[in-house]
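Data first, discussion second: the structure below is written as C-alpha cells.
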Amino acid sequence: MTWQILRQIARIGGISEPAPEPQAPVAMDADAAVIHRDILAILGRAAAIRAVDAGSCNGCELEMHALSNPYYNLEGIGIRFVASPRHADLLLVTGPVSVHMADALLRTWEAVPAPKRVVAVGDCGCTGGVFGESYASLGRVSQVLPVTVEIAGCPPPPLEILRGIRSALR
C-alpha cells in the first residue's frame, strides 16, 4: 500500500502552487511608534498590563492579542501582558461585568499596586453594550471599579487600545 502511494507521488510530482515572492517588511504605523515612545517616556520603563475578561464575547481580546503580533510588537519594546495583578501598572478590562466575575475583578483591582489604573475596553466595558444590565450582568466596568480611560468600539482596533493605554499611563 505505501509503495503504491510513493509511486503515485513520484509519477504526479508536486501539485501545489509556487511559494510567493518575499515582500519588503511593512513599517509600523507612525502613530504606533509615537505612542511607544510616549509610554516609555511616561513610565521611564516598560509597562506591565493585566488583562481581565469580565464576561466579554472575546472580540476585544482578539484585538488585544493583535498588539503582541510583529506589526505592533509590544514585547519588542518591553510592554507586556502579565499574569499577576501584583506586577501590573494597569488593568485592561473587557466585557460587561458578569455577576460571577464581579468579586474576582474587585480582588484583582485590589492586588494592583498604586497608582491603580483601569482601562475599560470595548462598548461592553464602557456602556454594557448589547448585554446591558440584567440578572447575570452588572453592565459597564465603572459599576464595579473606578475607570481611568474608556476605549469605545466593538471591538476597538489595536491602535485605539494602544492610545487608551498611553492615556491611562499619563
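The values are calculated or read from the model by the stated rules, or taken from the named source; none is laboratory data. This is a predicted model, so every value here is computed, not measured. Cβ coordinates were reconstructed from backbone atoms using ideal geometry, including for glycine residues, and neighbour counts include every protein chain displayed.
Within the range 105-146, the residues that satisfy the criterion of being over 16 Å from Asn58 (Cα atoms), in contact with a strand residue (DSSP E or B) (Cβ under 7 Å, 6 or more places away or on another chain), part of a loop (DSSP other than H, G, I, E, B) and hydrophobic (A, V, I, L, M, F, W, C) are Val112, Ala136, Val144, Leu145. Quickly run through the range 147-164 and pick out the residues that are within 19 Å of Asn58 (Cα to Cα) and in contact with a helix residue (DSSP H, G or I) (Cβ under 7 Å, 6 or more places away or on another chain). Of everything in the range 147-164, those that are within 19 Å of Asn58 (Cα to Cα) and in contact with a helix residue (DSSP H, G or I) (Cβ under 7 Å, 6 or more places away or on another chain) turn out to be Glu150, Ile151, Ala152, Gly153, Cys154, Pro155, Pro156, Pro157, Pro158, Leu159, Ile161, Leu162. When the range 54-93 is filtered for residues that are in contact with a Pro (Cβ under 6 Å, 6 or more places away or on another chain) and assigned to a helix (DSSP H, G or I), the ones remaining, listed by number, are Gly59, Cys60, Glu63, Ala66.
Of the residues making up the range 91-104, those that are more than 12 Å from Arg140 (Cα to Cα) and either surrounded by fewer than 23 Cβ atoms within 10 Å (Cβ to Cβ) or out of contact with any helix residue (DSSP H, G or I) (no Cβ under 9 Å at 6 or more places or on another chain) (or both) are His100, Met101, Asp103, Ala104. Go through Thr127, Thr108 for me and flag whichever is of a type in the set (S, T, N, Q) and under 18 Å from Gly164 (Cα atoms). Only one candidate qualifies: Thr127. Within the range 1-58, restricting attention to residues that are under 17 Å from Leu74 (Cβ atoms) and β-branched (Val, Ile, Thr), the residue that is modelled with the lowest pLDDT is Val26.
Name the residue that is modelled with the lowest pLDDT, counting only residues in the range 141-169 that are within 14 Å of Met64 (Cβ to Cβ) and of a type in the set (D, E, K, R). Step by step, filter the range 141-169, then rank; the result is Arg163.
Residue check: Lys116 meets all listed conditions (1) closer than 26 Å to Arg80 by Cβ; (2) touching a residue at least 60 places away in the same chain (Cβ under 8 Å) but one, namely (2). Taking each residue of the range 33-48 that is more than 15 Å from Glu160 (Cα to Cα) and looking for partners that are part of a helix (DSSP H, G or I) and not β-branched (Val, Ile, Thr) with beta-carbon atoms closer than 9 Å, six or more apart or interchain, yields Ile42/Arg166; Ile42/Leu169; Leu43/Leu169; Ala46/Leu40; Ala47/Leu40; Ala47/Leu169; Ala48/His87.
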